[in-house]
Amino acid sequence: MTGWSRSWGWNSCLLSLCFAACAPVQAGDWARFRGPNGSGIPADSEPVPTEWSPSKNVQWRTELPGAGVSSPIVVGDRVFVTCYSGYGLNRQEPGNIEDLKRHLVCVDRNSGKVLWEKTVAATMPEDPYTGMGVPAHGYASHTPVSDGKAVYVFFGKSGALAFDMDGSQKWQRTLGAESDPKRWGSASSPILTDDLLVVTAGPESRAVYGLDVKTGKELWKAESSGLGDVWGTPILTEGKDGRTDIVIGAPYEVWGINSATGKLSWFCEAIPSDSYSSSVVLAQNTIFGITGREGGSIAIKAGGYGDISESHVLWTGRDRSRYGTPVIQENRLYYVSSGIATCLDATTGEEVYRARLEGGADAAPAASGFGFGRGRGGDYSSPVLADGKVFYVAESGVTYVLKAGDQFEQLAANRVTEADEKFAATPAISNGNLFIRSDKALYCISE
């Protein structure tokens, strides 16, 4: 067990509790970051357009009340997305931090009409709009999550909040007001398992929280100093004993946390990086991770107890994808980093192909809002896969469409707008609709 694991502790106020299952969301819903269990693949099999432009297959564009890099989610006929306003929209003139506000916006998926919007004032003191991290992504980086009954958001130092589907606030809970060591700001998105809302408040309190969805009450709190350098969103895996583990990548390790108790079920020595910016993904009962400034990749058999570093690691590599999370289908793992698309054999980790994305990026308008304009290294989104195609949105606003398979085949490089907008969110896919958000607007693409 490494020093990172030895730093793990827990303050569990939950001794014994059976969770009643929430009413499931609909089959076509994309109800959390990267869709069903963070896979990046929709549950439905509806066809998705290959080509679009501002005048073709863009069904609607809805102006948002502020910027953000959080991803949209889709529940039934509603799309939810978060934004921020009032401060931190321009590096040269950031404004007054006391004016910072977050927004939760509910949009009709068919028309693009805003059904309701809720504004939450920021709890102070907030991280200032300086340095490398916060200006790169701003103050709305956490994707909402929904169980079909309510929608839950995490706004960093302002805490976790729950709203019913009509926008009435149910509760708000503060989960810490600290900052991460690098002052990069907060980004991990909340997830749900049964009646438990799981919030990774790494920068805010070096902890993962299990909250009651109905009241926001803390059921358990799992702490580790390593969580201060975690920006990924957890996934869920099933253990042999019927338990559900919350799995998250951390500096040097991957952890499995028992969802019923908040205690560490297992840990695995993993990628040699002092931070973990992407998310892990589950496929074929295997956990895959790629992250690190210097690169690193790993495949881990899900389950087990204690230290599984020797018993459960299937392969390791030096693949590089610092921010983006891979997507996996039919034994092929796809990821995009710095304008390079890579496909790996998911069983062995061996490279199937590696190719540069073509077209669109060099002619892209330079986003002038937040961020650095650092070219392809500043791309933050993750690929998603549907209808036999991989979709990847670059910061420039170009969405690359690749044919899923053993050979690199780029099918299209599309734009939804020629306007000066920055794109850093991962798209959502639901029933043949592709939802893409920029720092200014939300778009729906369909035939």
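Tabulated values for the structure
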item: Loop-located trypsin sites (Lys or Arg not before Pro) in region 94-141 whose Cβ has at most 11 other Cβ within 10 Å (DSSP); result: LYS113
item: Positive-end residue, the chain charge dipole about Cα centroid, Cβ charges, pick of VAL230, ALA177, ALA207; result: ALA177
item: Of ASP345, ASP379, ASP29, the one that fluctuates the most in a GNM where the chain has Cα springs shorter than 10 Å; result: ASP345
item: Net charge contributed by nearby residues that have their C-beta within less than 12 Å of THR261 (K/R +1, D/E -1); result: +2
item: Burial order of peptide ranges 225-231, 164-170 (average beta-carbon count within 10 Å, highest first); result: 225-231, 164-170
item: Too-long pairs where the Cα-Cα distance tops 22 Å, listed order kept, from LYS182/LYS301; LYS56/LYS422; LYS149/LYS240; LYS182/LYS422; result: LYS182/LYS301; LYS149/LYS240; LYS182/LYS422
item: Net charge of Cβ neighbours under 12 Å - reference ASP274; Lys, Arg +1; Asp, Glu -1; result: -2
item: Cα-centred dipole magnitude for the chain, charges only on beta-carbon of K, R (+1) and D, E (-1), debye, nearest 20; result: 460 debye
item: Surrounding net charge for ASP195, when Lys and Arg each add one and Asp and Glu each subtract one, Cβ distance under 9 Å; result: -2
item: Candidate aspartates and glutamates - alpha carbon under 12 Å from LYS217, same-chain residues fewer than 8 apart omitted; result: ASP195
item: Mean separation of Cα contacts under 8 Å (6+ apart) over length of the chain, as relative contact order %; result: 17 percent
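Bear in mind these aren't lab numbers, they're just calculated from the coordinates by the rules spelled out. Being a predicted model, the structure only gives us computed values, none of them experimental. Counting neighbours? That spans all protein chains shown, and the Cβs are built from the backbone with ideal geometry, glycine included.
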